[in-house]
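Enquirer: Dropping the structure in here first, questions after.
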Amino acid sequence: MTEATSPLPTSSTRVCTRTVMDGSDPDIVFDEEGVSNHWHEYQALMATQPDAGQKKARLEKLLADIKADGAGKDYDCVIGLSGGVDSSYVTWLAKQWDLRPLIVHFDNGWNNELAVRNIENICKKLGFELHTFVMDWEEFRDLQRSYFKASVVDLEVPTDHMISGALYRLAAQHKLKYMLSGLNFATESVMPPSWNYAKFDLENIRNIHKKFGTKPLKKLPALGVWQKAWYQLIRGIHSEAVLDLIDYNKAEAKALLIRELDWVDYGGKHYESLFTRFYQGYILPRKFGVDKRKAHLSNLILSGQMTRDEALRELQQPTYDEVLQERDKAYVRKKLGFTESEFEAVLNLPNQRHEVYGTDKTQRERYFRIVGALGKAMRAVGLKR
Amino acid sequence: MAGLSRMRRIRVIPVLTIDRERRLVKTVAFGKRTYIGDPINAVRIFNTKMVDEILLLDIDASVDGRGPSFEAIGDIVEEAFLPMGYGGGIRSVDDAAQLFRLGLEKVVLSSEALANPGLVTAIAERFGAQAVAVSLPYAKKLLGGQQVLTKSGKSKTGHAPVEAAKAMVAAGAGEIILYSIDRDGKWSGYDLATVTAVAEAIDVPVVACGGAAGLGDFLPAVQSGASAVAASSLFVYRAQNQGVLISYPDEADLKEQLFQKLN
């Protein structure tokens with residue numbers, strides 16, 4: 001893509017004085033000292049977090065509950081393993097905690113060699129069995145192509161949605177109630193709303209696919225409002241962000257994984273997938289003026305894992321090797337089945353908001369009305385306080 | 001480095017099978033199929049792992065009575081900077097020529113070769129015997145003995161593996177891939193007796209295929225006369241009864257458990 005098609009917003013020159021967030025987040029607000037809302041929101045969030053003692057108690061209770069629930073079953077919890085640092089570390093922790101996780105890897109056709117090697121080493125060294133959820137590539141490709149044609153910002157919705165769908169489905173199949181996730185405040189709480197989209201909006205996914213897709217989606221693990229309600233309320237499955245219950249330091253976690261599990265660093269957050277590398281390192285900056293590293297690095301600054309100067313220096317570097325970017329571009333294009341001119345054309349389409357394709361807002365409202373009414377009814381008959 | 005240069009190397013070959021929709025599948029005894037993903041990405045990962053060679057087989061082509069899906073094969077071969085062989089539906093010298101133009105190093109014939117050995121001869125004459133392998137999938141017969149089966153294991157030839165191998169080598173085949181259908185996807189080790197019998201009967205390389213469950217299975221196959229070893233389940237599953245995960249042994253492990261134990 002040429003420079004002219006992807007100007008960065010000019011307001012991006014103003015940078016938060018405590019983080020590295022800037023005007024490339026259109027919703028950013030600065031106080032009189034030039035501190036952005038992201039810093040303030042992080043402080044507010046942290047103020048609501050339990051202290052070390054409470055975290056420890058919660059973790060102990062959680063582990064006891066998981067083990068009790070898993071008694072007599074083949075496994076006691078589900079962990080989604082991508083081969084990246086967060087999920088790898090959760091898997092390592094599970095071993096230290098004497099859990100018996102069902103390890104699930106989600107294969108959407110974009111794994112790279114480092115990811116599969118990390119997964120292999122982790123399972124081998126920790127003695128865990130691997131279950132792989134292989135997406136039907138032809139269907140998944142059709143969905144990914146639809147997102148390119150829709151020209152919306154969050155091209156990761158299909159993957160993120162289906163990963164969760166697959167995990168819930170497997171948890172239900174194995175009658176497990178606990179899923180351990182690698183999500184965490186320490187490295188993932190800063191994220192401007194306009195840089196991504198609601199991952200569980202199945203209506204938006206279906207609408208985008210209906211408009212731009214060419215083959216029916218039959219095999220994808222859907223997780224919309226009603227599926228999620230069924231899994232969570234009826235089956236009692238919940239996801240636990242266990243990294244929030246420990247003192248999670250990413251650099252230390254990496255060092256440990258390298259030392260203990262022959263884990264290999266792939267550089268960049270989520271670069272274990274070639275698609276994600278290209279999306280975050282090429283499409284987002286060039287097409288949407290978004291450099292996600294700013295959010296990731298700001299998070300590390302806020303959680304005391306990096307200095308602001310270090311982050312600013314890192315942002316001077318290209319998102320990743322530029323020769324590799326071009327190679328990735330050719331591969332992504334080919335794998336998605338676009339010709340060169342088609343691919344340039346979709347990359348140059350005017351950007352669209354996800355909402356223009358319709359959302360699950362009415363479904364969610366109906367859901368909350370039902371849940372609200374149920375709660376009221378249960379309180380009325382004394383089933384719930 | 002003298003020690004290294006003397007060390008004998010054995011080709012360790014992942015076999016990837018695609019179906020009529022160009023989906024990567026893994027069979028058990030040429031029957032039950034499991035979908036394992038996108039062949040392009042799988043080949044890309046094997047390529048990074050620096051495997052010696054890959055064999056790509058379209059297991060529906062001869063059953064469907066169609067030729068190779070050249071475009072799909074081309075997309076896959078493009079990701080491989082390693083020698084790659086292709087088999088499935090090759091019915092003419094032109095088919096073979098087109099495959100070589102796509103960048104394949106070797107064509108693998110099977111159903112058509114057994115019905116028409118002259119095709120092996122014609123391709124070998126034009127491109128050299130090293131570029132023509134013949135795959136002989138075989139299984140036990142009900143009343144004892146073994147026979148080669150074609151059309152993805154559906155069609156009986158009545159020929160024993162040794163007899164078929166001799167005929168194919170006489171026709172010009174530069175390599176015989178000896179594929180045990182009974183052991184396909186079973187993780188039960190190679191059929192060493194048949195490897196021995198065939199290797200003794202012919203003077204071209206024999207590739208043992210079907211049954212490998214681990215690195216430890218390679219050495220006995222080579223000691224039985226195989227020049228190379230091939231496997232698929234082993235390289236596409238994390239382990240038996242576990243999830244799909246592309247893997248390939250490290251050079252260090254291959255040296256320790258295979259190469260250094262040869263000679």
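The values are calculated or read from the model by the stated rules, or taken from the named source; none is laboratory data. This structure is a prediction, so every number in the text was calculated from the model and none was measured. Positions of Cβ are backbone-derived with ideal geometry, glycine not excepted, and every protein chain shown enters the neighbour counts. In case anyone asks, the SASA skips ligands and DNA or RNA and just uses the protein heavy atoms, side chains included. Shrake-Rupley method; radii C 1.70, N 1.55, O 1.52, S 1.80 Å.
Enquirer: Name the shape class, rounded, prolate or oblate, that the alpha-carbon gyration tensor gives for chain B, where a ≥ b ≥ c are the square roots of its eigenvalues, rounded holds for a/c under 1.5, and otherwise prolate holds if a/b is larger than b/c and oblate otherwise.
Expert: rounded
Enquirer: Further question on the same structure: Quick check: residue separation of B:Arg8 and B:Met50 times 0.36 nm, minus the Cα distance between them. What number comes out in nm?
Expert: Contour length minus Cα-Cα distance gives 13.3 nm.
Enquirer: I need the peptides A:134-140, A:275-281, A:347-353 ranked by packing, meaning the mean over residues of other C-beta atoms within 10 angstrom, with the highest value on top.
Expert: Most protected by this proxy first, the peptides run A:275-281, A:134-140, A:347-353.
Enquirer: If you don't mind, another one. For the cross-link pairs A:Lys219/B:Lys140; A:Lys95/A:Lys329; A:Lys218/A:Lys335; B:Lys26/B:Lys140, which exceed 27 Å when the distance is taken from alpha carbon to alpha carbon?
Expert: Check vs 27 Å cut-off fails for A:Lys219/B:Lys140; A:Lys95/A:Lys329.
Enquirer: Would you mind working out the accessible area per residue for the range A:327-377, using a 1.4 Å probe, and quoting it in Å²?
Expert: 61 Å²
Enquirer: Given R₀ = 45 Å, FRET efficiency for B:Arg33-A:Arg58 by Cβ-Cβ distance, to 0.05?
Expert: 0.45
Enquirer: Here's another thing I want to ask about it. Nearest 0.05, what FRET efficiency do A:Val323 and B:Asn263 give at R0 = 51 Å with Cβ-Cβ as r?
Expert: Step by step, r from the Cβ atoms, then E = 0.75.
Enquirer: Rounding to the nearest 20 debye, state how big the charge dipole of chain B is about its Cα centre with +1 on each Lys and Arg Cβ and -1 on each Asp and Glu Cβ.
Expert: 540 debye
Enquirer: Rounded to the nearest 20 Debye, what is the dipole magnitude of chain A about its Cα centre when Lys and Arg each give +1 and Asp and Glu each give -1 at the C-beta?
Expert: In debye, rounded to 20, chain A gives about 1620.
Enquirer: Rounded to the nearest 0.05, what FRET efficiency do B:Arg126 and B:Asp203 give with R0 = 30 Å and r taken as the Cβ-Cβ distance? Could you check?
Expert: After rounding, the FRET efficiency stands at 0.85.
Enquirer: Separation between the A:Gln352 and A:Glu32 pseudo-spin-labels, each 7 Å from Cα along Cα→Cβ, expressed in nm?
Expert: My value for the distance between the label points is 4.5 nm.
Enquirer: Here is a further query. Could you tell me whether the protein assembly as shown comes out rounded, prolate or oblate from its Cα gyration tensor? Rule is a ≥ b ≥ c as square roots of the eigenvalues, rounded for a/c under 1.5, then prolate if a/b exceeds b/c, otherwise oblate.
Expert: The shape class here is prolate.
Enquirer: Using a simple spin-label model with points 7 Å from Cα along the Cα→Cβ vector, what separation in nm is obtained for B:Lys186 and A:Glu260?
Expert: 4.1 nm
Enquirer: If I model a spin label at A:Lys215 and B:Gln242 as a point 7 Å from the Cα along the Cα→Cβ vector, what separation in nanometres do I get?
Expert: About 3.0 nm separates the two model spin labels.
Enquirer: Once neighbouring chains are kept in place and the probe is 1.4 Å, which whole percent of the accessible area of the protein assembly as shown is contributed by carbon and sulfur?
Expert: C and S atoms contribute 52 percent here.
Enquirer: Please state the equivalent ellipsoid semi-axes for the range B:149-194: what are the square roots of 5 times the Cα gyration tensor eigenvalues, largest first, in whole Å?
Expert: Computed over the range B:149-194, the values are 20, 14, 9 Å.
Enquirer: Using 0.36 nm per residue of separation minus the Cα-Cα distance, give me the extension gain between A:Lys175 and A:Lys361 in nm, one decimal.
Expert: That works out to 63.9 nm of additional length.
Enquirer: Given the -39500 (n - 2.57) contribution per DSSP H run of 4+ residues, what per-residue ellipticity at 222 nm results for the protein assembly as shown, rounded to the nearest 500 deg cm²/dmol?
Expert: Estimated from H runs of four or more residues: -12500 deg cm²/dmol.
Enquirer: Once you list every other residue whose beta carbon is under 12 Å from the beta carbon of B:Ala115, what net charge do they have if Lys and Arg are +1 and Asp and Glu are -1?
Expert: Net local charge, B:Ala115 excluded: +1.
Enquirer: Here is a further query. Find which of B:Ser180, B:Ala213, B:Ala239 sits farthest along the positive direction of the dipole of the range B:120-263, computed with +1 on the beta-carbon of Lys and Arg, -1 on that of Asp and Glu, about the Cα centre.
Expert: The residue sitting most towards the positive pole is B:Ser180.
Enquirer: Right, another one. Can you bin the range A:232-385 into rounded, prolate or oblate? Criterion: square roots of the alpha carbon gyration tensor eigenvalues sorted a ≥ b ≥ c, rounded for a/c under 1.5, prolate for a/b above b/c, oblate for the rest.
Expert: Cα axes put the range A:232-385 in the oblate bin.
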